[in-house]
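Notes to accompany the following structure.
The values are calculated or read from the model by the stated rules, or taken from the named source; none is laboratory data. Not measured: the values here are computed from a predicted model. Cβ: placed from backbone, ideal geometry, glycine included. Neighbour counts: every protein chain shown.
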Amino acid sequence: MTLIDSHSHTAFSHDGRAKAELMIEAAVGKGLAYYAVTEHLDRDYKYCKKERFLRQLNLKKYLRAVEKFRERDFGDTFVAFGVEAGYCAEATEWYAEKLSGYDFDVVINSIHTMHGQDAYFGKLFRGRKKDDVYTEYLDLLLESLHVPYAFDVIGHIGYITRYSGYPDFTLCEDRYAERIDALLKEIIALDKCVEINTHIRHPVMKYLPEKGILRRYFELGGRRITFSSDAHTPADIGKDFDLAASVALETGFTDWTVYKKHSPETVAITFDKNQEKGV
Ligand SMILES: [Zn+2]
Ligand SMILES: [Zn+2]
(Lines give C-alpha, C1' and ligand atoms only; values in the text may rest on other atoms or scores of the structure.)
(Ligands and ions follow the chains in the order given, each with its own letter.)
Protein backbone atom coordinates (compact mmCIF):
# COMPACT_ATOMS: atom_id res chain seq x y z
CA MET A 1 0.00 0.00 0.00
CA THR A 2 1.31 3.42 -0.91
CA LEU A 3 0.15 6.22 1.33
CA ILE A 4 0.07 9.79 0.13
CA ASP A 5 -1.36 13.00 1.58
CA SER A 6 -1.43 16.23 -0.43
CA HIS A 7 -2.97 18.70 2.03
CA SER A 8 -2.18 19.59 5.65
CA HIS A 9 -1.65 22.55 7.95
CA THR A 10 0.94 23.14 10.67
CA ALA A 11 1.28 25.89 13.26
CA PHE A 12 2.34 28.29 10.49
CA SER A 13 -1.39 28.41 9.65
CA HIS A 14 -3.73 30.29 11.99
CA ASP A 15 -5.66 27.10 12.71
CA GLY A 16 -2.76 24.61 12.66
CA ARG A 17 -2.32 22.73 15.92
CA ALA A 18 1.22 21.34 15.75
CA LYS A 19 4.64 22.56 14.73
CA ALA A 20 5.81 21.63 11.24
CA GLU A 21 8.55 19.41 12.72
CA LEU A 22 5.96 17.32 14.53
CA MET A 23 3.65 17.04 11.55
CA ILE A 24 6.49 15.93 9.27
CA GLU A 25 7.74 13.50 11.90
CA ALA A 26 4.25 11.97 12.11
CA ALA A 27 3.99 11.66 8.32
CA VAL A 28 7.37 9.94 8.15
CA GLY A 29 6.37 7.70 11.07
CA LYS A 30 3.18 6.69 9.28
CA GLY A 31 5.23 5.66 6.26
CA LEU A 32 3.81 8.15 3.77
CA ALA A 33 5.49 8.12 0.37
CA TYR A 34 4.40 11.70 -0.26
CA TYR A 35 3.32 14.28 2.30
CA ALA A 36 2.50 17.92 1.57
CA VAL A 37 2.45 20.83 3.99
CA THR A 38 0.04 23.36 2.46
CA GLU A 39 -0.36 26.34 4.78
CA HIS A 40 -3.35 28.63 4.61
CA LEU A 41 -2.67 31.73 2.56
CA ASP A 42 -5.87 33.62 3.17
CA ARG A 43 -5.55 36.94 1.41
CA ASP A 44 -9.30 36.64 0.75
CA TYR A 45 -9.78 37.17 4.51
CA LYS A 46 -8.56 40.73 4.06
CA TYR A 47 -11.87 41.38 2.32
CA CYS A 48 -13.95 39.87 5.13
CA LYS A 49 -15.51 41.67 8.07
CA LYS A 50 -14.50 39.29 10.85
CA GLU A 51 -11.91 37.02 9.29
CA ARG A 52 -9.56 39.90 8.43
CA PHE A 53 -8.46 39.91 12.05
CA LEU A 54 -7.22 36.30 11.91
CA ARG A 55 -3.48 35.75 11.80
CA GLN A 56 -2.12 35.69 8.26
CA LEU A 57 0.68 33.39 7.13
CA ASN A 58 4.12 34.95 7.40
CA LEU A 59 5.32 33.91 3.96
CA LYS A 60 8.94 34.92 4.47
CA LYS A 61 9.23 33.04 7.74
CA TYR A 62 7.52 30.02 6.22
CA LEU A 63 9.85 29.96 3.24
CA ARG A 64 12.90 30.20 5.48
CA ALA A 65 11.65 27.12 7.32
CA VAL A 66 10.91 25.35 4.02
CA GLU A 67 14.48 25.95 2.84
CA LYS A 68 15.80 24.36 6.04
CA PHE A 69 13.46 21.38 5.78
CA ARG A 70 14.48 20.83 2.18
CA GLU A 71 18.06 20.28 3.32
CA ARG A 72 16.96 17.38 5.48
CA ASP A 73 16.63 13.73 4.53
CA PHE A 74 13.22 12.23 5.29
CA GLY A 75 14.08 8.75 4.03
CA ASP A 76 11.31 7.21 1.94
CA THR A 77 8.94 10.13 2.50
CA PHE A 78 8.96 12.96 -0.02
CA VAL A 79 7.96 16.07 1.93
CA ALA A 80 6.40 18.70 -0.32
CA PHE A 81 5.73 22.31 0.62
CA GLY A 82 3.09 24.65 -0.64
CA VAL A 83 0.11 26.75 0.26
CA GLU A 84 -3.66 26.63 0.10
CA ALA A 85 -4.61 29.98 -1.43
CA GLY A 86 -8.11 31.15 -0.57
CA TYR A 87 -9.66 32.56 -3.71
CA CYS A 88 -11.48 35.83 -4.04
CA ALA A 89 -11.39 38.03 -7.11
CA GLU A 90 -9.96 41.03 -5.22
CA ALA A 91 -6.98 39.00 -3.94
CA THR A 92 -5.77 37.55 -7.23
CA GLU A 93 -3.28 40.27 -8.07
CA TRP A 94 -1.65 40.01 -4.66
CA TYR A 95 -1.37 36.23 -5.02
CA ALA A 96 0.08 36.57 -8.51
CA GLU A 97 2.76 38.90 -7.22
CA LYS A 98 3.58 36.97 -4.05
CA LEU A 99 3.42 33.41 -5.31
CA SER A 100 5.69 34.04 -8.28
CA GLY A 101 8.60 34.54 -5.88
CA TYR A 102 8.36 31.11 -4.24
CA ASP A 103 9.21 27.71 -5.67
CA PHE A 104 6.47 25.72 -4.00
CA ASP A 105 5.79 22.09 -4.85
CA VAL A 106 2.05 22.37 -4.77
CA VAL A 107 -0.53 25.13 -4.60
CA ILE A 108 -4.16 24.37 -3.71
CA ASN A 109 -6.73 26.83 -5.01
CA SER A 110 -9.68 26.84 -2.59
CA ILE A 111 -12.85 28.80 -2.06
CA HIS A 112 -13.69 29.41 1.60
CA THR A 113 -15.31 32.84 1.44
CA MET A 114 -18.28 34.37 -0.32
CA HIS A 115 -19.68 37.86 0.30
CA GLY A 116 -16.93 38.60 2.77
CA GLN A 117 -17.55 35.58 5.00
CA ASP A 118 -16.06 32.14 5.42
CA ALA A 119 -18.79 29.54 4.86
CA TYR A 120 -17.39 27.83 7.95
CA PHE A 121 -19.27 30.28 10.19
CA GLY A 122 -22.61 29.48 8.55
CA LYS A 123 -23.97 33.04 8.46
CA LEU A 124 -23.63 33.13 4.72
CA PHE A 125 -26.65 30.88 4.31
CA ARG A 126 -29.07 32.66 6.61
CA GLY A 127 -32.15 33.83 4.80
CA ARG A 128 -30.83 32.73 1.43
CA LYS A 129 -32.21 30.05 -0.84
CA LYS A 130 -30.04 27.01 -1.46
CA ASP A 131 -30.24 27.47 -5.24
CA ASP A 132 -28.98 31.03 -5.08
CA VAL A 133 -26.02 30.21 -2.87
CA TYR A 134 -25.09 27.00 -4.67
CA THR A 135 -25.25 28.41 -8.19
CA GLU A 136 -23.22 31.39 -7.08
CA TYR A 137 -20.66 29.05 -5.53
CA LEU A 138 -20.38 26.95 -8.70
CA ASP A 139 -19.93 30.08 -10.81
CA LEU A 140 -17.22 31.24 -8.43
CA LEU A 141 -15.44 27.89 -8.66
CA LEU A 142 -15.35 28.15 -12.45
CA GLU A 143 -14.08 31.72 -12.20
CA SER A 144 -11.38 30.64 -9.73
CA LEU A 145 -9.80 28.33 -12.34
CA HIS A 146 -8.62 31.35 -14.28
CA VAL A 147 -6.44 33.03 -11.69
CA PRO A 148 -3.19 34.61 -12.90
CA TYR A 149 -0.99 32.41 -10.66
CA ALA A 150 0.16 28.80 -10.79
CA PHE A 151 -1.92 26.25 -8.95
CA ASP A 152 -2.26 22.49 -9.17
CA VAL A 153 -5.16 21.25 -7.07
CA ILE A 154 -8.74 22.50 -6.66
CA GLY A 155 -9.52 22.38 -2.94
CA HIS A 156 -12.54 20.57 -1.49
CA ILE A 157 -15.15 21.07 -4.23
CA GLY A 158 -18.43 21.46 -2.33
CA TYR A 159 -16.87 23.11 0.74
CA ILE A 160 -19.94 25.26 1.37
CA THR A 161 -22.30 22.26 1.42
CA ARG A 162 -20.78 20.97 4.62
CA TYR A 163 -21.69 24.11 6.53
CA SER A 164 -24.89 25.09 4.73
CA GLY A 165 -27.23 23.36 7.16
CA TYR A 166 -29.79 22.81 4.38
CA PRO A 167 -31.54 19.46 4.94
CA ASP A 168 -30.98 18.64 1.24
CA PHE A 169 -27.37 19.80 1.26
CA THR A 170 -26.29 17.95 -1.90
CA LEU A 171 -24.85 19.58 -5.01
CA CYS A 172 -25.74 16.48 -7.04
CA GLU A 173 -29.06 17.68 -8.38
CA ASP A 174 -30.17 18.00 -11.99
CA ARG A 175 -30.49 21.75 -11.77
CA TYR A 176 -26.79 22.13 -11.03
CA ALA A 177 -25.65 19.53 -13.58
CA GLU A 178 -24.89 22.00 -16.36
CA ARG A 179 -22.71 24.16 -14.12
CA ILE A 180 -20.95 21.13 -12.65
CA ASP A 181 -20.21 19.83 -16.15
CA ALA A 182 -18.82 23.20 -17.22
CA LEU A 183 -16.60 23.26 -14.14
CA LEU A 184 -15.32 19.71 -14.55
CA LYS A 185 -14.68 20.15 -18.28
CA GLU A 186 -12.62 23.24 -17.57
CA ILE A 187 -10.63 21.44 -14.86
CA ILE A 188 -9.84 18.70 -17.37
CA ALA A 189 -8.98 21.16 -20.15
CA LEU A 190 -6.57 22.98 -17.82
CA ASP A 191 -5.10 19.65 -16.60
CA LYS A 192 -5.73 20.48 -12.94
CA CYS A 193 -6.23 18.02 -10.12
CA VAL A 194 -9.29 17.33 -7.92
CA GLU A 195 -8.65 16.35 -4.32
CA ILE A 196 -10.69 13.88 -2.28
CA ASN A 197 -10.78 15.75 1.01
CA THR A 198 -11.70 13.79 4.15
CA HIS A 199 -11.64 16.71 6.62
CA ILE A 200 -15.39 17.13 6.58
CA ARG A 201 -16.99 17.42 10.02
CA HIS A 202 -20.45 16.64 8.64
CA PRO A 203 -23.01 14.17 9.99
CA VAL A 204 -23.58 12.44 6.65
CA MET A 205 -20.80 13.33 4.21
CA LYS A 206 -17.45 11.68 4.77
CA TYR A 207 -15.50 13.30 1.98
CA LEU A 208 -15.67 15.94 -0.74
CA PRO A 209 -16.45 16.19 -3.60
CA GLU A 210 -19.59 14.10 -3.42
CA LYS A 211 -19.44 10.76 -5.20
CA GLY A 212 -21.73 11.91 -8.04
CA ILE A 213 -19.30 14.71 -8.88
CA LEU A 214 -16.30 12.36 -8.80
CA ARG A 215 -18.17 9.93 -11.06
CA ARG A 216 -19.04 12.67 -13.54
CA TYR A 217 -15.44 13.94 -13.53
CA PHE A 218 -14.26 10.45 -14.43
CA GLU A 219 -16.95 10.05 -17.13
CA LEU A 220 -15.89 13.31 -18.73
CA GLY A 221 -12.30 12.08 -18.88
CA GLY A 222 -10.85 13.53 -15.67
CA ARG A 223 -8.04 11.40 -14.30
CA ARG A 224 -6.11 13.67 -11.97
CA ILE A 225 -7.16 13.14 -8.37
CA THR A 226 -5.25 13.28 -5.14
CA PHE A 227 -5.86 12.40 -1.50
CA SER A 228 -6.12 15.17 1.09
CA SER A 229 -6.63 14.61 4.80
CA ASP A 230 -6.45 18.40 5.30
CA ALA A 231 -4.95 17.47 8.67
CA HIS A 232 -4.43 20.15 11.32
CA THR A 233 -2.98 17.69 13.85
CA PRO A 234 -0.41 14.87 13.57
CA ALA A 235 -3.13 12.29 14.36
CA ASP A 236 -5.20 13.35 11.35
CA ILE A 237 -2.45 12.90 8.76
CA GLY A 238 -3.63 10.24 6.32
CA LYS A 239 -7.02 10.06 8.05
CA ASP A 240 -9.60 8.08 6.05
CA PHE A 241 -7.09 7.37 3.30
CA ASP A 242 -8.55 3.87 2.86
CA LEU A 243 -12.03 5.29 2.43
CA ALA A 244 -10.84 7.76 -0.22
CA ALA A 245 -8.81 5.08 -1.99
CA SER A 246 -11.74 2.68 -2.13
CA VAL A 247 -14.06 5.41 -3.45
CA ALA A 248 -11.47 6.37 -6.08
CA LEU A 249 -10.95 2.79 -7.25
CA GLU A 250 -14.68 2.11 -7.32
CA THR A 251 -15.17 5.18 -9.52
CA GLY A 252 -12.55 3.92 -11.96
CA PHE A 253 -9.47 5.94 -11.05
CA THR A 254 -6.21 4.00 -10.93
CA ASP A 255 -3.67 6.64 -9.85
CA TRP A 256 -3.19 9.50 -7.46
CA THR A 257 -1.44 12.60 -8.77
CA VAL A 258 1.13 14.30 -6.56
CA TYR A 259 3.13 17.45 -7.31
CA LYS A 260 6.80 18.21 -6.92
CA LYS A 261 7.70 21.77 -7.96
CA HIS A 262 4.34 21.89 -9.74
CA SER A 263 5.27 18.88 -11.80
CA PRO A 264 2.69 16.05 -11.69
CA GLU A 265 3.67 12.48 -10.87
CA THR A 266 1.32 9.53 -10.60
CA VAL A 267 1.20 6.92 -7.86
CA ALA A 268 -0.91 3.76 -8.15
CA ILE A 269 -3.92 3.74 -5.82
CA THR A 270 -3.67 0.86 -3.39
CA PHE A 271 -5.04 0.42 0.10
CA ASP A 272 -5.43 -2.09 2.85
CA LYS A 273 -8.79 -3.75 2.14
CA ASN A 274 -9.00 -5.13 5.67
CA GLN A 275 -9.31 -1.61 6.98
CA GLU A 276 -11.98 -0.51 4.55
CA LYS A 277 -14.59 1.43 6.48
CA GLY A 278 -17.44 1.33 4.01
CA VAL A 279 -18.58 4.17 1.83
ZN1 LIG B 1 -9.60 24.68 2.80
ZN1 LIG C 1 -6.87 23.08 4.20
> Could you list, in sequence order, the residues of the stretch 72-113 that are more than 16 Å from ligand 1 (Cβ to nearest atom), closer than 20 Å to His7 by Cα and assigned to a helix (DSSP H, G or I)?
Replying inline: Leu99
> Looking at (1) modelled with pLDDT of 95 or more; (2) assigned to a loop (DSSP other than H, G, I, E, B); (3) not basic (Lys, Arg), which is the one condition that is false for Gly212?
Replying inline: (2)
>> Condition first: more than 16 Å from ligand 1 (Cβ to nearest atom) and assigned to a helix (DSSP H, G or I). Now tell me which residues in the stretch 27-60 satisfy that.
In response: Ala27, Val28, Gly29, Lys46, Tyr47, Arg52, Phe53, Leu59, Lys60
>> Restricting to the stretch 120-131, name every residue that is in a helix (DSSP H, G or I) and at pLDDT 90 or above.
In response: Lys130, Asp131
> Looking at the stretch 1-26, which of its residues are more than 15 Å from ligand 1 (Cβ to nearest atom) and in contact with an Asp or Glu (Cβ under 7 Å, 6 or more places away or on another chain)?
Replying inline: Met1
>> With the requirement that a residue be over 27 Å from Asp105 (Cβ atoms) and part of a loop (DSSP other than H, G, I, E, B), what does the stretch 152-200 give you?
In response: Ile160, Gly165, Tyr166, Pro167, Asp168, Phe169, Thr170, Leu171, Cys172, Glu173
>> Regarding the stretch 112-120, can at least one residue be identified that is within 30 Å of Glu67 (Cβ to Cβ), within 15 Å of ligand 2 (Cβ to nearest atom) and in contact (Cβ under 8 Å) with a residue 24 or more places away in the chain?
In response: yes
> Which of the residues belonging to the stretch 183-204 are among the aliphatic types (A, V, I, L, M) and either exposed (fewer than 14 other Cβ atoms within 10 Å of the Cβ) or within 16 Å of ligand 2 (Cβ to nearest atom) (or both)?
Replying inline: Ala189, Leu190, Val194, Ile196, Ile200, Val204
